[in-house]
Amino acid sequence: MARRPRATEPNALRIRLIELLDNFERHLNESDLRDQVRELVPANHLLRDLGVSLLPQGDRLSARERILAYFRRFPGQVIDGDELMVVAGISEYARRLRELRVEEGWPILSGITANELRAAENEDGLDGEDAMPAMRPDQYLLTEDRQDRDAAHRWNIANQIRRSSAGARDKILRYFRANVGKPITSEELRYVANISDWPRRARELRTEDGWPIITRFTGDPTLPAGVYVLERDEQAPAHDRHIPEIVRREVMQRDNWSCRWRGCGWPHGFPAQDHRFLEAHHRVHHADRGSNTPENLVTLCNLHHDETHRTGVLDLAD
Ligand SMILES: [Zn+2]
Ligand SMILES: [Zn+2]
């Protein structure tokens with residue numbers, strides 16, 4: 001294990017490997033077990049060197065850097081753990097993944113977490129082609145080619161909250177409220193909650209408790225898969241809660257993912273830094289027996305949603 005993989009010219013490595021394997025035929029027939037195993041050691045080293053040599057400058061990089069370089073070549077694509085073994089030149093790559101995630105803030109999603117997210121999306125009726133892909137537990141995905149410099153700090157907070165005695169839903173809420181306006185990955189929420197049911201707890205915070213938690217399906221289609229943002233530290237009026245996810249999505253789609261307020265239309269035509277979010281508002285309030293149907297719901301940005309509740313006037317574009 002002490003031997004550090006060396007990369008040279010891939011084809012030279014390939015030729016040496018073939019020579020070794022050719023010679024191995026003789027050992028298969030003539031040598032005892034000990035000699036056979038010893039003969040295979042250099043072949044194993046060569047095979048590892050060959051994998052490492054496939055990346056440019058692969059031999060100059062650490063295993064962690066090679067894993068990262070490989071992920072960054074294929075952002076948004078599902079990667080097998082065995083591929084990481086090849087490019088890293090080591091089989092114990094899991095710890096490197098954790099370091100990349102926790103210390104360096106790369107949004108690497110594991111198959112385990114992705115499947116928990118996917119199960120919740122399916123429950124919400126989000127099983128189309130834009131839903132989370134099915135992944136095996138030993139597969140990984142760099143959801144976005146962007147390093148989050150704030151992540152290491154957040155993981156410290158996550159660790160403190162995880163160790164507290166609160167319930168999973170409260171832990172998730174505390175974590176969101178400690179990070180208002182910041183993109184939070186699924187891996188962070190899973191770690192904080194420490195239960196596989198974390199996506200449902202996060203959803204309940206939004207749909208039952210009215211916290212403005214947005215994802216790519218609930219308010220900001222430009223967010224990467226599995227990323228959540230608590231847009232502000234404030235709960236929605238009680239009457240706008242309890243909208244089934246599939247209905248909320250239908251309303252947002254019908255309204256072209258934009259505010260229907262006259263002259264608004266956010267986010268279309270607004271600068272990307274304008275961090276509002278979209279909400280569904282009941283035309284006839286829930287308390288007045290308004291129904292949770294698309295006909296009774298309309299998409300508003302949070303500014304105009306507030307204005308509607310403040311003034312009692314709903315001034316929609318035609
Ligand atoms: Zn409302
Ligand atoms: Zn608006």
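The values are calculated or read from the model by the stated rules, or taken from the named source; none is laboratory data. Being a predicted model, the structure only gives us computed values, none of them experimental. Using ideal geometry, Cβ is built from the backbone for each residue, glycine included, and neighbour counts are taken over all protein chains shown.
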Q) Arg232: among the basic types (Lys, Arg), within 16 Å of ligand 2 (Cβ to nearest atom), closer than 30 Å to Pro133 by Cα and in contact with a helix residue (DSSP H, G or I) (Cβ under 9 Å, 6 or more places away or on another chain), yes or no? A) yes
(Q) Can you pull out every residue in the stretch 52-74 that is of a type outside the set (D, E, K, R) and in contact with a Lys or Arg (Cβ under 9 Å, 6 or more places away or on another chain)? (A) Val52, Ser53, Leu55, Gly58, Ser62, Ala63, Ile67, Leu68
(Q) For the stretch 235-282: of the residues being basic (Lys, Arg) and within 25 Å of the chain's Cα centre (by Cα), which is nearest to ligand 2 (Cβ to nearest atom)? (A) Arg276
Q: Show the residue pairs that are 6+ apart or on different chains and have beta-carbon atoms under 8 Å apart, the first residue being within the stretch 302-318 and β-branched (Val, Ile, Thr), the second being within 11 Å of ligand 1 (Cβ to nearest atom).
A: Thr308/His281; Thr308/Leu300; Thr308/Leu314; Val313/Glu307
Q: Can you give me the number of residues within the stretch 261-298 that are within 13 Å of Leu314 (Cα to Cα) and away from ligand 1 (no atom under 16 Å from the Cβ)?
A: 2
Q. Out of all the residues in the stretch 281-302, which are surrounded by 15 or more Cβ atoms within 10 Å (Cβ to Cβ) and not in a loop (DSSP other than H, G, I, E, B)?
A. His281, His282, His286, Pro294, Asn296, Leu297, Val298, Thr299, Leu300, Cys301, Asn302
Q. Can you name the number of the only condition in (1) within 15 Å of Val227 (Cα to Cα); (2) at pLDDT 95 or above; (3) not in a helix (DSSP H, G or I) that Glu188 fails?
A. (3)
